[in-house]
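Here's the structure, in structure tokens; my notes come after.
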Amino acid sequence: QVQLVESGGGLVQPGGSLRLSCAASGFILGRTAMGWYRQAPGKQRDLVAVVNNGGYTNYADSVKGRFTISRENIKPTVYLQMDSLKPEDTAVYYCNLKWGSEEYWGQGTQVTVSS
């Protein structure tokens, strides 16, 4: 059974920074892609950033240059460094792991950007 445990959300002022972490537990071998999605109230869940075993990354246009995704492979863990945060970044952020045909989600962590 794969589980994803997230941490690092909270309240921050515009222009501030936060770092999200997500650790995967369970028996995981082979190639995986790990990433972050977010969902604001009344909106769909959208991709923020993703990184695979080889370090290939992909970002939503709205966060390019401000967010940085990274990962550790031994115990799959993914991080999202969020800088220059804006009010429109406010959402619940969900960790995601894709492993073969399987997909797993974390419980979500709230990020609120407000003065």
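The values are calculated or read from the model by the stated rules, or taken from the named source; none is laboratory data. From a predicted model like this one, the values you see are computed outputs, not experimental measurements. Virtual Cβ from ideal backbone geometry, glycine too; neighbours counted across all protein chains shown. Heads up: the accessible areas ignore ligands, DNA and RNA and are worked out on the full protein's heavy atoms, side chains in. Shrake-Rupley method; radii C 1.70, N 1.55, O 1.52, S 1.80 Å.
Output yes when any residue across the stretch 4-11 is in a strand (DSSP E or B), touching a residue at least 40 places away in the same chain (Cβ under 8 Å) and open to solvent by 70 Å² or more (accessible area, probe 1.4 Å), and no when none is.
yes
If you check every pair at least six apart or on different chains, which have Cβ atoms under 7 Å apart with a residue in the stretch 49-67 that is closer than 16 Å to Ser17 by Cβ first and a residue that is of a type in the set (S, T, N, Q) and surrounded by fewer than 19 Cβ atoms within 10 Å (Cβ to Cβ) second?
Within 7 Å, the pairs are Ala49/Thr57; Ala49/Asn58; Arg66/Ser84; Phe67/Gln81.
If I filter the stretch 25-48 down to residues being aliphatic (A, V, I, L, M) and free of Cβ contacts under 8 Å to residues at least 40 places away in the same chain, which single residue comes out as surrounded by the fewest Cβ atoms within 10 Å (Cβ to Cβ)?
Ranking the qualifying residues of the stretch 25-48, first place goes to Leu29.
Going through Ser21, Ser70 one at a time, which residue ends up being touching a Gly at 6+ places or on another chain (Cβ under 9 Å) and open to solvent by less than 30 Å² (accessible area, probe 1.4 Å)?
Ser21
Is one or more of the residues making up the stretch 79-95 surrounded by fewer than 13 Cβ atoms within 10 Å (Cβ to Cβ) and of a type in the set (A, V, I, L, M)?
Taking every residue of the stretch 79-95 in turn, none turns out to be surrounded by fewer than 13 Cβ atoms within 10 Å (Cβ to Cβ) and of a type in the set (A, V, I, L, M).
Given (1) assigned to a loop (DSSP other than H, G, I, E, B); (2) touching a Gly at 6+ places or on another chain (Cβ under 7 Å), identify the lone condition not met by Phe27.
Status for Phe27: all satisfied but (2).
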